[in-house]
Amino acid sequence: MATSLIPFSSSFLQPLKFKTLAKPRNPNLQTTTRKLTTTCDSQKDTGKSNPSSRNPNFQKRRNSSKYGTSRKSILKKSFLQEQVTFTARVSDDPHVAIIGGGMAGLVCAQNLEARGVQSTVFDTGIHGLGGRLGTRIIEPQGLVFDHAAQFFTASDSRFIRYVDEWLEKGLVREWNGVVGELEIGGSFSQFPSSSSPRYIAVNGMRSLADSLLLESQMVNLVRPCWISKLEPLNGMWHLSENGTPRGQFDVIVIAHNGKCANRLLSASGLPLVAKQMKKLDLSSIWALLAAFDDPLPSVNFEGAFVKGVESLSWMGDNSAKLGNDKAPHCWTFFSTAIYGKQNKVPQENIPTVTSEKVKAGMLQGVEIALGLPEGSLPKPAYTRLQLWGAALPKNTPAVPCIFDPQGRAGICGDWLLGSNLESAALSGEALGNHIADFLQKGEANPEEFAIGLHDRLSPLAGHDIGQFPGLTSVGEKEEAKAYQLL
């Protein structure tokens, strides 16, 4: 078991002085702090600034416009905007803004703190942090569904150290339930015991995310908060949410993706970063949460990757997984990426006709997968349908992180290395340490700290619901044995 989460790789930064900031104007904004109260409404412009004194690139802009205001599309804004180049010195007590409270963003904050750098994590979550570490709790019935990441594996020694720490703290445990592959008609094959251990959070996957920063002293958590604008001004990044200031920072981290991230970067003055983010291709997947009063017939497993059914790629028994065998039985069903693409609609406003069609199609897929007669599946006592419009990455640059030293901005996320929790954590760790190194010695030659700004993206393989390093199916094991005999 590891006793220290992240070793100190540098001692250049001493513990920083904390700023006392004003309370947010938005009464619905929850602020979780570590030794200080976070909001950034006090960061207001008190007069006209002279950006050209800090950034000569501003001189090329028309006085009547800001980044991207004359563009008609996010694509044009992203590729044609002027590059921000900060020339002012970094603050004596640097502060990093991390936009996105998933695994990558949270681990980035952890590593910054280990190097003596304070940060603020902004997340849109109403009920908690986590991104794809999502858990839906339905009250008053007490229904619990993991509606995004179902479990994870660990293969990299660096990530294994995190998992050991989480095991020691009681945040996660091994999932020893029966998991395997389900063919059409109910033919189930359990994964061999030689496969890598599977891990789950003890109280639903979101509980892991909510616990990661409980002991932090230099990280502020602000949610729900949807950062809508990034503006370089007087050597700092100024963040705002629909016109409300949310603070000024020395460095910014984009720890989320999809159309919201593209829109945020489209007029930020970071064309290289925006271009890389724009190359990312994401799948769409439907998630159906269903609670049944009785156990599903013909089921002898807790989780199964479904093969050969277009409307279904995964089915998992949350109740059994979390140790609750009492009724109701809470299941999570995921569609395939193909089915998600065929039935994609704006996820913020799903038409009723689409919702009913998809729900019926996925429940029918359950019947087909289990080999049940049509119409014989018990009617669920509760259902909830959700479209993950930006579910999982389909391509990757295979770099640990992206960083633009001229604009003092970076990206972390699973898609940079793969499509799993391990990739997300390793990317967040890499960017946190890279930023700390930059703040220590990047002022003289900032260009030496550029990373990932021009790498090409390649197709990414894996299950419809992500990659699971070390998870070996029976077929793959037999193929490996046959290969060894040749």
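The values are calculated or read from the model by the stated rules, or taken from the named source; none is laboratory data. Predicted model only: the values in this text are computed from it and were never measured. Every residue, glycine as well, gets a Cβ built from its backbone with ideal geometry; the counts of neighbours run over all protein chains shown. What goes into the accessible areas is simple: the full protein's heavy atoms, side chains included, and nothing from ligands, DNA or RNA. Shrake-Rupley method; radii C 1.70, N 1.55, O 1.52, S 1.80 Å.
Quick notes on this one:
Yes or no, residue by residue, for (1) open to solvent by 50 Å² or more (accessible area, probe 1.4 Å); (2) part of a loop (DSSP other than H, G, I, E, B):
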| residue | (1), (2) |
| --- | --- |
| Phe145 | no, no |
| Gly180 | no, no |
| Ser196 | no, yes |
| Glu215 | yes, yes |
| Cys225 | no, yes |
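- Test for Asn318: is it open to solvent by 40 Å² or more (accessible area, probe 1.4 Å) and either within 22 Å of the chain's Cα centre (by Cα) or more than 22 Å from Phe188 (Cα to Cα) (or both): no
- Selection count where residues are assigned to a loop (DSSP other than H, G, I, E, B) and either open to solvent by 50 Å² or more (accessible area, probe 1.4 Å) or at pLDDT below 95 (or both), scope segment 323-344: 7
- Residue selected from segment 189-220 under the condition of a type in the set (Gly, Ala, Ser) and under 17 Å from the mean Cα position of the chain (by Cα), by the criterion nearest to Ile99 (Cα to Cα): Ala209
- One residue from Ala320, Ala274 being hydrophobic (A, V, I, L, M, F, W, C) and out of contact with any helix residue (DSSP H, G or I) (no Cβ under 9 Å at 6 or more places or on another chain): Ala320
- Inspection of segment 380-389 finds a residue satisfying the criterion of being aromatic (Phe, Trp, Tyr) and in contact with a Ser or Thr (Cβ under 9 Å, 6 or more places away or on another chain).
- Ala291 being among the hydrophobic types (A, V, I, L, M, F, W, C), open to solvent by 20 Å² or more (accessible area, probe 1.4 Å) and assigned by the TED database to the domain that holds Gln364: no
- Strands (runs of 3 or more DSSP E) wholly inside segment 362-456 containing at least 2 residues that are in contact with a helix residue (DSSP H, G or I) (Cβ under 7 Å, 6 or more places away or on another chain), closer than 30 Å to Gly185 by Cβ and open to solvent by 30 Å² or more (accessible area, probe 1.4 Å): 382-388
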